[in-house]
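Structure first, then comments.
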Amino acid sequence: MDINQYLEIFIEEAQEHLQNLNQNLLGLENSPNDNDVLNEIFRSAHTLKGMAGTMGFNAIMNLTHEMENILDEVRNGRLTINSGILDVLFECLDFLEGSVNHISETGKEMDKNIDALKNKLINIIYNKDLPAHEKQDAENSSAISNFTFNQYDENVIVQALAQGMKVFKIEVILSKDCMLKSARAFLVFKSLEKYAEVFKSFPSVEDIEDEKFDNNFKLAVITSEGKDKVKDDLMSISEIDEIIIEELKEVTKAFETFSEEIAVAEVEHAEEDKEDSEEAHAKKNKIGKTVRVDINRLDNLMNLVSELIIIKTRLEGVDSDTRDQNMTEAVEYLERITTNLHDAVMKVRMVPIERVFNRFPRMVRDLSRELGKEVNLHISGEETELDRTVIDEIGDPLIHLIRNAIDHGIEDKQERINNKKAQAGSVALRAFQDGNSVVIEVEDDGKGINVSRVKKKAVENKLISQVEADALNEKEAVDLLFQPGFSTADVVSDVSGRGVGLDVVKTKIESLGGTVEVETSANAGSKFIIRLPLTLAIIQALLVTIGSEKYAIPLNSIKEITSIEKNNIRIVQGQEVILYRNGVLPIVRLSHVLDVKNDEKDSSELTVVIVKKGEKSSGFIVDSLIGQQEIVIKSLGKYLAGIRNIAGATILGDGQVALIIDSNSMI
Amino acid sequence: MNYTDKNNQFVVFELDNEEYGIDILRVKTIEKMSNITRVPKTALYIKGVINLRGEIVPIIDLREKFNLDKKEESENTRIIIVYVDDINVGLIVDSASKVIEISNDMIELPPESLGNTEQNNIYGIGKVDDKIITLLDVKKLLNV
């Protein structure tokens, strides 16, 4: 079977399951007893195992299998979730994520050894507990012959035997009315410790200490003393009813029980499979029917809708004198339908931002551990929807901002206590729709941006001169952070401070047609505000003419349109400006910037489109205005990629191409 | 040279009274001249973009690219839309009319004496009857 055609589906689904696992493991960390979460994790791991098996990715399959074993133990209450177990599970998840990424890049599985991870998982089970059926057996009979060992234990046994030591399995049965079971157990350990090494116990030592056992517990010890000596010593402890000791002469027996256990485990899995599919089935019915569609097909659909809109615009443009009543009605109807169709297609492309936000709790958890800071992440508005293309791109900038917030923003624990702040810092990640754009905020309650340090650093890095630095106001100084090659971290940490940073964030967001701003106040924290257009494909634009050419300016960046007297233009430091509404407005002559071959019109009145970018604005001089129109943004393609000042092109009603002005790059 | 296609077919076009050929597998369509929208800040030989059935396609003036004299467009002027991977580009040529087949043994490597730029764009010289046809390497021509 040629599996390559399924590779994409595998990767997509695997990523979904990993995301799911990540999220639910975090959930489990907060509420370790939540069985629903546990089942969800189990399901994801199980599906992943099956998928990887089908595709022949054995490392993933083996690892998920071991993870499943642990989860199974937890599910059946034989293992309690603790941070140690979770850490190992997270580690496995990281490995799986790495593997899947590797597969998506190369199509092949990563050639990395998973034994270390696998052993960690196996050790959790064996160090903690004996598998399920063992326990049941133990309850049914007090025979200790089926005390099982893992590979590690077997090695220990083999070595001990080779050195002429003796290996005993000991079952200690306490008297029924024993009051202080753990104390007795402690005495047992204490007396064995003198001449023997306890390398395994069931239940685990912790559980024995916590009195989590009935009247008996089992131990495996290595010692040079004889069987009787051990038995006598232990029997001398009061409230012990019986000591059963069995000497292990070789490990084959252990092997036998080991393989037996695997067989049983497999039967259990088969049962789980059944149960799983039933549960999954029930769930599917609940969430409604979905179809997974290749994004290219959606793009294609979008293109067709775009074409339709262009034609519609063209029909609308037909002189109303020449069309009769029927025609007018038909065109109006067409307009309604195309608008609805456009909305419908756009909705299909919209994805909740949850997809991106989901990975942050895990990241924050890891980061705060790494940096030894306590950080709470508050996420809101994850249901806010954005165009799929934006979703795909927005992840990295957000990661950057959150890392910055935790690394640079949130203070060390001690510093926070000194400043009378809550010991745990908080980072808020919010998304909400605001008119025609979506706002994403990353806010921390850390120390805020130290403006004077920013200035100092900028001077040190020769981004600006001292004189310039002194002249900057707070807002302008903060904007320096977005300059390439700027980093204020005193120590370059693994997390941030490599000097590539906010400028990349800014470039990325601007390439998505958005803006980013910062608000900060000393000792109270800082807030990064990202504004993104709701959709990238179809926008409202103002069509203008410059010379004989037509250009489109996105309406959302236009503040207002006005006309000015040519004589009022002043020149300040080589830059044309006018005084407008009590402010100085820089003037950009579009015909110059765009090299339009055109003699300046000799009118004394100039039409100015005032365009804003964040808080700044600028006046673009155009020759005339055509009007507002819904336009479909098309890329100029790879061949013409990277042209300054042009954001793309659109096709007008008459089939002509008009270029879209990238106003952000001109301010 | 990886041109081992069985049929070795070439779209032949004319430029300044010389004949050129492009591997037919690189040609998408041949269009009549249409309105070209200028794109600022691009190389001189890039004339702009056109709307090709809803797709924006950049247009290269081959005369300009090959440093030939300018010529007014006539009713024979054509735009050959070529593609490399997912990049489509239109080439303005004086005329394009036929597709011919040239067997591999009738294709020679370009002469050493050619200038560097030209040599870079050419992958061979094809001989058909008495005529010589310069075969262009689209990939190198577009520099992709």
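Please find the FRET efficiency linking A:LEU301 to A:GLN15, where r is the Cβ-Cβ separation and R0 is fixed at 30 Å, and quote it to the nearest 0.05.
In this case the efficiency is close to 0.80.
Is there a pair in A:LYS506/A:LYS613; A:LYS550/B:LYS70; A:LYS559/B:LYS41 whose C-alpha atoms are over 22 Å apart, and which pairs would that be?
Among A:LYS506/A:LYS613; A:LYS550/B:LYS70; A:LYS559/B:LYS41, the Cα-Cα distance tops 22 Å for A:LYS550/B:LYS70; A:LYS559/B:LYS41.
Under 1.5 on a/c is rounded, so check that first for segment A:538-666, then, if it is not, pick prolate when a/b is larger than b/c and oblate when it is not; a ≥ b ≥ c are the square roots of the alpha carbon gyration tensor eigenvalues.
Here segment A:538-666 falls in the prolate category.
For segment A:354-533, what is Rg from Cα atoms divided by 2.2 N^0.38 Å, rounded to two decimals?
On the way: Rg = 16.1 Å, N = 180, 2.2 N^0.38 = 15.8 Å.
Its radius of gyration relative to the 2.2 N^0.38 Å reference: 1.02.
Determine which lysines satisfy two conditions relative to A:LYS447: a Cα distance under 21 Å, and not lying fewer than 8 residues away in the same chain.
Within reach: A:LYS373, A:LYS413, A:LYS420, A:LYS421, A:LYS455, A:LYS456, A:LYS457, A:LYS475, A:LYS527.
Can you compute 3J(HN,Hα) from phi for each residue in segment A:331-338, using the Karplus curve 6.51 cos²θ - 1.76 cosθ + 1.60 with θ = phi - 60°, rounded to whole Hz and x for Gly and Pro?
Once rounded to whole Hz, the list reads 5, 4, 4, 4, 5, 4, 5, 5.
Only counting other Cβ atoms within 10 Å, I'd like B:VAL84, A:VAL588, B:VAL99 sorted with the fewest neighbours first.
Numbers: B:VAL84 17, A:VAL588 20, B:VAL99 13.
Ordered from fewest to most neighbouring Cβ atoms within 10 Å, B:VAL84, A:VAL588, B:VAL99 come out as B:VAL99, B:VAL84, A:VAL588.
For A:ASN76 paired with A:ASP94, estimate the spin-label separation in nm (one decimal), with each label point 7 Å from Cα along the Cα-to-Cβ line.
In this crude label model, A:ASN76 to A:ASP94 measures out at 3.1 nm.
Note the full-extension length gain between A:LYS212 and A:VAL158 as 0.36 nm times their separation in residues minus their Cα-Cα distance, in nm to one decimal.
16.4 nm
So, in Å, what gap is there between the alpha-carbon centers of segment A:14-78 and segment A:290-333?
Cα centroid of segment A:14-78 versus Cα centroid of segment A:290-333: 47 Å apart.
Taking neighbour Cβ counts within 10 Å as the exposure measure, how do B:ILE79, A:ILE9 sort from fewest upward?
In order of increasing Cβ crowding within 10 Å: A:ILE9, B:ILE79.
For chain A, what is the mean residue ellipticity at 222 nm derived from helices alone (per DSSP H run of n ≥ 4: -39500 (n - 2.57); sum divided by total residues; nearest 500 deg cm²/dmol)? Write down the numbers at each step before the final one.
Numbers: 22 runs with 311 residues, N = 667.
Calculated at 222 nm, the ellipticity per residue is -15000 deg cm²/dmol.
In nm, to one decimal, how far is the A:SER31 label point from the A:LYS227 one, both placed 7 Å along Cα→Cβ?
My value for the distance between the label points is 5.3 nm.
Between A:ILE667 and A:SER104, what is the label-point separation in nm under the 7 Å Cα-to-beta-carbon projection?
3.4
Calculate the radius of gyration of the Cα atoms of the protein assembly as shown to one decimal place, then report Dmax, the largest Cα-Cα distance, as a whole number, both in Å.
Cα only, the protein assembly as shown: 36.6, 116 Å (Rg, Dmax).
Could you calculate the FRET efficiency of A:SER175 with A:ARG369 from 1/(1 + (r/R0)^6), where r is the beta carbon distance between them and R0 is 60 Å, rounded to 0.05?
Computed FRET efficiency for A:SER175 and A:ARG369: 0.85.
Can you sort A:ARG43, A:ARG570 so the residue with the fewest Cβ neighbours within 10 Å comes first?
Exposure proxy ranking, most exposed first: A:ARG570, A:ARG43.
Starting from the coordinates of the alpha-carbon atoms of segment A:4-128, obtain the Kirkwood hydrodynamic radius over all distinct pairs and give the value in Å to one decimal.
With all distinct Cα pairs of segment A:4-128 included, I get 14.5 Å.
Using 0.36 nm times the number of residues separating A:ALA471 and A:PHE432, minus their current alpha carbon distance, what extension gain do you get?
10.5 nm
Taken together, the values in this text are just the output of simple stated rules run on the coordinates, not laboratory data. No experiment lies behind these values; they were computed from the predicted model shown. Quick reminder, even Gly has a Cβ in these numbers, built from the backbone with ideal geometry, and neighbours come from all protein chains shown.
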